[in-house]
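Q: Below you'll find the structure I mean.
The values are calculated or read from the model by the stated rules, or taken from the named source; none is laboratory data. Keep in mind it's a predicted model, so treat the numbers as computed, not measured. Glycine also receives a Cβ, built like all others from the backbone with ideal geometry; neighbour counts cover every protein chain displayed.
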Amino acid sequence: MTVEVTDNAFTDRVIVVSSGTEVVWVNTGRNIHNVRPAAREPGPGWFTEITGEALEGGPGSITFDDAGDFPYYCSFHGTARRGQRGQVIVVAT
């Protein structure tokens, strides 16, 4: 599953995937972007951030093994509640 990172948006903003799916973010915009979990520390909804440097060098990916909601945002263009945000919803297979 691929999410396009454009300037100030994630396309598709909300995706639903099965557990074990690799999600790939590709920056096609002109600006630097990152993919930061809205959860503040390890626990439900948390995953390792994909940094702006990583997305400048090519696509970044995460495999979501556990079912749950994983909201995220770009800290350069938003916050966990406003701006450039997205969500991965993982359903158990």
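Q: Out of the residues in the stretch 75-92 that are part of a strand (DSSP E or B) and of a type in the set (A, V, I, L, M, F, W, C), state the one that is farthest from residue 1 (Cα to Cα).
A: Filtering the stretch 75-92 for residues that are part of a strand (DSSP E or B) and of a type in the set (A, V, I, L, M, F, W, C), the one farthest from residue 1 (Cα to Cα) comes out as 76.
Q: Please state which of the following conditions residue 46 fails to meet, knowing it meets all the rest: (1) assigned to a strand (DSSP E or B); (2) surrounded by fewer than 18 Cβ atoms within 10 Å (Cβ to Cβ).
A: Unmet for residue 46, out of (1) assigned to a strand (DSSP E or B); (2) surrounded by fewer than 18 Cβ atoms within 10 Å (Cβ to Cβ): (1).
Q: Go through the stretch 49-61 and give me each residue that's hydroxyl-bearing (Ser, Thr, Tyr) and assigned to a loop (DSSP other than H, G, I, E, B).
A: Answer for the stretch 49-61, where residues must be hydroxyl-bearing (Ser, Thr, Tyr) and assigned to a loop (DSSP other than H, G, I, E, B): just 51.
Q: Any residue at all in the stretch 35-48 that is out of contact with any Phe, Trp or Tyr (no Cβ under 9 Å at 6 or more places or on another chain) and hydrophobic (A, V, I, L, M, F, W, C)?
A: No, every residue in the stretch 35-48 fails to be out of contact with any Phe, Trp or Tyr (no Cβ under 9 Å at 6 or more places or on another chain) and hydrophobic (A, V, I, L, M, F, W, C).
Q: Only one residue in 86, 20, 52 is touching a strand residue (DSSP E or B) at 6+ places or on another chain (Cβ under 8 Å), at pLDDT 95 or above and surrounded by fewer than 14 Cβ atoms within 10 Å (Cβ to Cβ). Which one?
A: Exactly one residue qualifies, and that residue is 20.
Q: Further question: How do the pairs read when you match residues in the stretch 42-59 that are within 20 Å of residue 19 (Cα to Cα) with residues anywhere that are modelled with pLDDT under 95 and part of a loop (DSSP other than H, G, I, E, B), using Cβ under 7 Å and keeping only pairs 6 or more apart or on different chains?
A: Listed by first residue and then by second, the contacts come to 45/39; 46/39.
Q: Looking at the structure I just gave you, is residue 32 in a loop (DSSP other than H, G, I, E, B), touching a residue at least 24 places away in the same chain (Cβ under 8 Å) and hydrophobic (A, V, I, L, M, F, W, C)?
A: Yes; evaluated as a whole, the condition is true for this residue.
Q: Contact list please: Cβ distance under 8 Å, first residue in the stretch 1-25 and under 18 Å from residue 67 (Cα atoms) and in contact (Cβ under 8 Å) with a residue 24 or more places away in the chain, second residue surrounded by fewer than 14 Cβ atoms within 10 Å (Cβ to Cβ) and of a type in the set (Asp, Glu), pairs at least six apart or on different chains.
A: 19/65; 19/66; 20/65
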